[in-house]
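Chemist: Below you'll find the structure I mean.
The values are calculated or read from the model by the stated rules, or taken from the named source; none is laboratory data. Model, not experiment: these values are computed from the prediction. Ideal geometry is used to build each Cβ from the backbone, glycine not excepted, and the neighbour counts take in all protein chains shown. In case anyone asks, the SASA skips ligands and DNA or RNA and just uses the protein heavy atoms, side chains included. Shrake-Rupley method; radii C 1.70, N 1.55, O 1.52, S 1.80 Å.
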Amino acid sequence: MKTNTRISIVLASLLAAGAANAAPITGSIHIAAFGASVAVNTVANTVTFAAGNNGQVNIAPTGSYAGLVLLGASVHYNSFNYGALPGPVAVAPLWITTAGTLASFDLSVITSITEGSGAVSLLGTGTAKLAGFTDTPGNWSFSATSATGGEFNWSSTNTPRVPDGGATLALLGVSVLGLGGMRRFLPSLKK
């Protein structure tokens, strides 16, 4: 009976260690469009997108996105305000794919703002989301350049930052518990 208990403890430790592992998002996704899909106002600090599908994945996605989000996939980008100085914002979702595997990004902080004549470049951080993966902190960049007739070329890139997220600490805790359990029956194994 003691052997069954020992096996149960070992199996429980292994299962807990497996549950502590998550599948974070890796790679990058690029979204862009041209023309009337966006209006940028650097005086009011607004980026306003047209309704509906207003962008598309324009470079082959990499990492976790590869094969799940297709080149040319339609994207809906939500309008946002960015303030005169870097700081917190809350746009959830900032963008979301509208066909195939669901991917999105929630913007939470704009970390850099660069404005020039007819151009804006923004950097920020937030949370990348992809169906089948753990929500992952990520970096975001957006740039828009005025073209003829007040229309803008724009592009956006998201690159998840794979964090530890406490997984190492959880695995360490499970290991310590497992070693503690093993220590209890090591003397009986020597008999």
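Chemist: Considering only residues that are open to solvent by less than 60 Å² (accessible area, probe 1.4 Å) and over 11 Å from the mean Cα position of the chain (by Cα), which ones fall in segment 100-109?
Modeler: From segment 100-109, those open to solvent by less than 60 Å² (accessible area, probe 1.4 Å) are 101, 103-109; that's our starting set.
Those that are open to solvent by less than 60 Å² (accessible area, probe 1.4 Å) and over 11 Å from the mean Cα position of the chain (by Cα): T101, S108, V109.
Chemist: Report yes if N58 is modelled with pLDDT of 90 or more, open to solvent by 40 Å² or more (accessible area, probe 1.4 Å) and closer than 20 Å to A119 by Cβ, otherwise no. Walk me through how you get there before you give the answer.
Modeler: On the way: modelled with pLDDT of 90 or more: yes; open to solvent by 40 Å² or more (accessible area, probe 1.4 Å): yes; closer than 20 Å to A119 by Cβ: yes.
So N58 fits the description; yes.
Chemist: Taking the residues in segment 88-99 that are modelled with pLDDT of 95 or more and out of contact with any Leu (no Cβ under 8 Å at 6 or more places or on another chain) as candidates, determine which candidate is most open to solvent (accessible area, probe 1.4 Å).
Modeler: P88
Chemist: So the check is Cβ under 9 Å with 6+ separation or different chains; which pairs have a first residue in segment 118-130 that's basic (K, R) and a second one that's part of a strand (DSSP E or B)?
Modeler: K129/P93; K129/I96; K129/A103; K129/S104; K129/F105; K129/D106; K129/T136
Per-residue answers, yes or no, for (1) modelled with pLDDT of 85 or more; (2) under 12 Å from the mean Cα position of the chain (by Cα); (3) among the polar types (S, T, N, Q); (4) exposed (fewer than 14 other Cβ atoms within 10 Å of the Cβ):
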site: T114; (1), (2), (3), (4): yes, no, yes, yes
site: L123; (1), (2), (3), (4): yes, no, no, no
site: G132; (1), (2), (3), (4): yes, no, no, yes
site: S143; (1), (2), (3), (4): yes, no, yes, no
site: T148; (1), (2), (3), (4): no, no, yes, yes
site: G166; (1), (2), (3), (4): no, no, no, yes
site: L169; (1), (2), (3), (4): no, no, no, yes
site: L172; (1), (2), (3), (4): no, no, no, yes
